[in-house]
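Quick notes on the structure that follows.
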Amino acid sequence: MSLVKKPSFKASWYLIGIFKGMGITFSNMIRNLVKKAGNDKISLAMKTYNYPEEKYEYGPRFKGNHVLTVKKDGSIRCTACMLCATNCPAQCIKITAAESDDNTVEKYPISYEIDILRCVFCGYCEEACPVDAIRMGPEWQTAALNGSDFSYDIKHLAYRAQLKGGIVSRVDEEERHKAGI
Amino acid sequence: MLKCKINGQDVEVAEGSSIIEAFKATGQDIAHYCWHPGLSVAGVCRLCMVEIEGNPRLQIACNTQVQEGMVINNNSDKIKDAVKWGLDFHLINHPLDCPICAQAGECQLQIQYMKFGQYDPEMAERKVKKRKVVDLGPKIVLDTERCILCSRCVRFTDEVSKTNELGIFNRGDHSEIGTVDDRPLDNPYSVNTVDICPVGALTSREFRFQQRVWYLKNETTVCNGCSTGCSTKVYFNEEGMWRVKPDHNDDVNGYWMCDEGRGTPRFVNKDSRLLSAWNGQKDEGQDLEAGAAAKAVGQTLKKVVAEQGSDKVAFVVTGQYTDQENRAFLSLAKDLGVKVYHWVNNPEKMDEFDGLLIRGDKNPNTYGLKEAMKEVGVGSPWSELESSVSDLEYVVVAGPENHFAYSDLTDKVDLFSKANHQVWFVAGDHDVLRAASNKVSLIPTKTYVEKDGTYKNFEGREQRIRRVMTLVPGALSLTEASKLMSGQELLVDGNVSESYRKTNFFSSNERGYL
Ligand code: SF4
Ligand code: SF4
Ligand code: SF4
Ligand code: SF4
Ligand code: FES
């Protein structure tokens with residue numbers, strides 16, 4: 001939304017504001033030059049990161065890159081119900097379902113792709129999933145070298161190195177069966 | 001006629017009608033699982049509850065006849081409560097595996113639950129586990145846990161297909177749908193049981209898991225699998241056609257269709273289609289634009305007729321095209337003065353009929369073709385072509401789109417190979433054609449879901465087919481091809497006359513609806 005402000009008498013005194021702002025900027029700069037950030041807790045120096053050597057770790061609730069969870073045996077948890085794809089406002093999830101040889105599984109995804117460039121990180125996919133098969137994790141760096149790297153496939157979503165063998169889903173079919181559900 | 005009042009709306013129904021029929025007549029909504037208009041009444045699901053004024057107890061609408069002056073409603077709180085409990089009982093042992101259930105999105109349980117349910121189940125007991133993924137023959141997969149024992153499928157095999165395979169076995173909450181010793185349910189109409197099953201207990205092996213139903217759009221058309229011409233609905237998305245279901249039409253097919261007619265995606269979808277025109281011989285040749293190829297063929301034909309006489313060219317037609325196409329193609333033949341031969345794919349079976357729907361004539365428009373040939377005044381006996389083919393310069397064939405019904409395709413290609421050239425208007429891509437020993441031109445044609453027109457079925461009933469989608473952009477209808485061959489241009493008119501073609505089906509409105 002753009003607001004059009006009428007020039008007022010007060011606004012014509014802008015120089016005062018500019019000097020105030022510059023004052024804050026320069027005082028911070030000088031303080032940072034004089035004092036060192038670090039061990040000393042009451043240091044007045046501003047904390048900055050030396051990105052990319054140092055990275056900020058977001059909490060687990062951060063809606064970053066997607067993770068497909070796995071079952072206890074390490075196979076993919078997703079049942080290919082396509083609710084996430086249906087719910088996705090950016091329509092960036094593409095799933096191809098197939099019939100599984102294992103009758104207790106019945107249906108599973110042979111391909112699951114997220115076009116991360118189209119994703120708006122809304123988290124609706126996570127909300128739609130009935131079996132906790134897709135989550136959004138704390139990873140937030142999505143840089144890649146070429147276009148095709150932005151289309152995340154099952155291998156990347158479930159088994160990328162950062163996940164250390166996969167995240168186990170909270171919803172376990174066998175346990176539910178044992179409980180008589 | 002009897003007068004009654006349904007939810008405050010006056011309606012007149014014929015004597016002997018049930019209340020549920022009166023509901024249907026008014027277009028009012030009523031829950032029902034076991035009642036199906038094409039089957040007998042079972043009255044087992046207890047979901048169609050109605051309140052009749054003056055009657056202290058709720059009644060089921062499907063098995064109660066309307067009487068003069070009845071005042072009926074199904075929107076009171078009492079009804080809602082009854083339906084809610086009915087649904088709860090149905091769900092006691094229901095697995096609720098909607099995520100992996102092919103029925104999800106068109107499942108009556110889901111629909112009723114969203115309307116009347118939305119409660120937490122009040123059952124503390126463990127669910128009774130039954131058999132899942134039961135192999136019920138080549139076309140059907142059964143999940144006995146999901147079955148709500150409405151008995152529609154049993155009544156279908158008893159009353160419609162009269163094959164009596166299915167039954168309900170065991171008692172109480174161990175009751176199961178099945179066949180004796182799991183014998184396959186394999187009759188020519190078996191997939192209808194999948195359509196009428198209100199839940200995901202019976203699913204079609206072919207369609208299962210291919211697509212979520214809410215991603216598909218549907219459009220009514222006429223089946224081109226045989227000369228009965230059943231009304232059908234084709235389900236499609238931007239990738240192609242995924243399944244065919246019967247559409248209700250009392251005059252032709254009632255509520256049913258045969259299993260074979262559901263196989264039309266096999267020859268309609270892109271992977272089996274001829275995508276561009278081709279000129280060549282013995283597997284070597286080059287691709288061309290379809291329109292340009294048709295024009296070139298037209299010019300050559302004119303030249304051949306002018307220089308060597310009209311008996312050097314023959315046209316071959318099949319009953320696979322619409323009336324409009326037949327007329328255009330036959331008129332072209334008449335203008336050129338060439339002979340036209342009707343290729344009958346299975347002459348000995350043409351008049352067969354199984355008593356329900358399936359006919360031996362596997363062409364949708366043989367009747368129309370014969371009529372058009374008479375009208376235009378062309379047509380010569382097939383034997384004549386067989387004897388004279390080696391003298392011919394050109395054989396122009398309006399080939400079949402449903403090549404599965406043309407088991408003699410290879411024989412005919414061999415026959416036409418005796419002429420110097422053969423030109424095929426054909427929808428499918430066939431290796432035998434590309435491998436033919438004489439010079440071949442292939443020009444891609446549209447299938448029945450890509451064009452408008454009319455078919456005349458076995459009894460001459462005129463039925464309209466409509467353009468539903470475009471799968472092969474360059475393909476021509478026979479009308480367009482004939483125009484191009486006779487030297488006319490195709491006019492591209494920007495006005496879309498059909499309202500249903502204006503919408504971009506895949507952009508928004510219904511997408512994602514559950
Ligand atoms: S976060 Fe939102 S936009 Fe991204 S894949 Fe999930 S639903 Fe789609
Ligand atoms: S990730 Fe979840 S919602 Fe998406 S298809 Fe798989 S099971 Fe369904
Ligand atoms: S039958 Fe209906 S309610 Fe039952 S699992 Fe299938 S979609 Fe869900
Ligand atoms: S299988 Fe389907 S149609 Fe047959 S009884 Fe069960 S729910 Fe009804
Ligand atoms: S529809 Fe009336 S009892 Fe099932």
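The values are calculated or read from the model by the stated rules, or taken from the named source; none is laboratory data. Since we're looking at a predicted model, the values are computed, not measured. Cβ sites come from the backbone with ideal geometry, for glycine too, and all protein chains shown count toward neighbours. Surface accessibility is based on the protein's heavy atoms, side chains included, excluding ligands, DNA and RNA. Shrake-Rupley method; radii C 1.70, N 1.55, O 1.52, S 1.80 Å.
Observations on the model:
- With a Förster radius of 60 Å applied to the beta-carbon distance between B:LYS80 and B:LYS349, the computed FRET efficiency rounds to 0.65.
- Within the stretch A:66-179, the proportion of Cα pairs with more than 17 Å between them is 54 percent.
- The protein assembly as shown - percent of accessible surface contributed by carbon and sulfur, probe 1.4 Å: 51 percent
- Percentage relative contact order, chain B, counting C-alpha pairs under 8 Å, at least six apart: 12 percent
- Within straight-line reach of A:LYS72, meaning a Cα separation under 12 Å, sit the following aspartates and glutamates at least 8 residues removed in sequence or on another chain: A:ASP172, A:GLU173, A:GLU174, A:GLU175.
- Positive end of the dipole of the stretch B:273-485 (Cβ unit charges, origin at the Cα centre): among B:LEU471, B:GLY319, B:SER388, the Cα lying farthest that way belongs to B:LEU471.
- Computed from Cα atoms, the angle from the helix B:323-336 axis to the main principal axis of chain B rounds to 10 degrees.
- Members of A:LYS63/B:LYS217; B:LYS139/B:LYS349; B:LYS312/B:LYS374; B:LYS233/B:LYS270 lying beyond 28 Å, as alpha-carbon distances in this model show: A:LYS63/B:LYS217
- Rounded to the nearest 0.05, the FRET efficiency derived from the C-beta distance between A:ALA128 and B:ASP391 at R0 = 60 Å is 0.30.
- Accessible surface for the stretch B:273-485, divided over its residues, is 40 Å² per residue with a 1.4 Å probe.
- Per-pair calculated FRET efficiency, R0 = 51 Å: B:THR220 and B:GLU68 via Cβ, rounded to 0.05: 0.90
- Whole-angstrom gap from the stretch B:239-282 to the stretch B:1-74, using each part's C-alpha centre: 38 Å
- Among residues other than B:GLY240 with Cβ under 9 Å from its Cβ, the summed charge is -2 (Lys and Arg +1, Asp and Glu -1).
- Burial annotation for the stretch B:88-102: residues with an accessible-area loss of at least 50 Å² between the isolated chain and the complete set of protein chains, computed on heavy atoms with a 1.4 Å probe, are B:PRO99, B:ILE100.
- Averaged over the residues of peptide A:75-85, the number of Cβ atoms from other protein chains lying within 10 Å of each residue's Cβ is 3.
- Environment charge of B:VAL432, counting only residues whose C-beta is closer than 14 Å and scoring Lys/Arg +1, Asp/Glu -1: -3
- Per-residue mean of C-beta atoms belonging to partner chains within 10 Å, peptide A:93-104: 3
- Heavy-atom SASA rank of A:TYR49, B:TYR215 (probe 1.4 Å, accessible area, largest first): A:TYR49, B:TYR215
- The contact residues of the stretch B:205-236, meaning those that lose at least 10 Å² of 1.4 Å-probe accessible area when all protein chains sit together rather than their chain alone, are B:ARG205, B:ARG208, B:PHE209, B:ARG212, B:TRP214, B:TYR215.
- Normalising the average separation of contacting C-alpha pairs (under 8 angstrom, six or more residues apart) by the number of residues puts the relative contact order of the stretch A:66-179 at 34 percent.
- Residue-averaged 222 nm ellipticity for chain A, from DSSP H runs of 4+ at -39500 (n - 2.57), nearest 500: -6500 deg cm²/dmol
- Three-way shape label, the stretch B:2-91, alpha-carbon gyration tensor, a/c 1.5: oblate
- Remark: spin-label model distance B:LEU490-A:GLN162 equals 5.1 nm, labels positioned 7 Å along the Cα→Cβ axis.
- Net +/- balance of residues flanking A:CYS81 in space, Cβ distance below 10 Å, scoring K and R +1, D and E -1: +1
- Amide H contacts of B:VAL396 (H built 1.01 Å from N, under 5 Å, at least 5 apart or other chain): B:ALA314, B:PHE315, B:VAL316, B:VAL423
- Cα centroid separation - the stretch B:88-110 against the stretch B:392-466, whole Å: 45 Å
- B:THR479 accessible area, 1.4 Å probe, all protein chains in place, Å² to nearest 10: 50 Å²
- For the pair the stretch A:133-169 and the stretch B:140-166, the centres of their Cα atoms are 45 angstrom apart.
- Seen against the Cα atoms of chain A and their longest principal axis, helix A:14-34 is set at about 70 degrees.
- Considering only B:CYS45, B:THR64, B:SER76, and ranking their Cα positions along the charge dipole of the stretch B:43-83 that arises from unit charges at the beta-carbon of Lys, Arg, Asp and Glu, the one farthest toward the positive end is B:CYS45.
- The residues of the stretch B:42-129 present an accessible area of 53 Å² per residue when probed at 1.4 Å with all protein chains retained.
- Shape class for the protein assembly as shown, computed from the alpha carbon gyration tensor (a ≥ b ≥ c): oblate, with a/c not under 1.5 and a/b at or below b/c.
- Between 0 and 90°, nearest 10: helix B:290-308 axis offset from chain B longest Cα axis: 40 degrees
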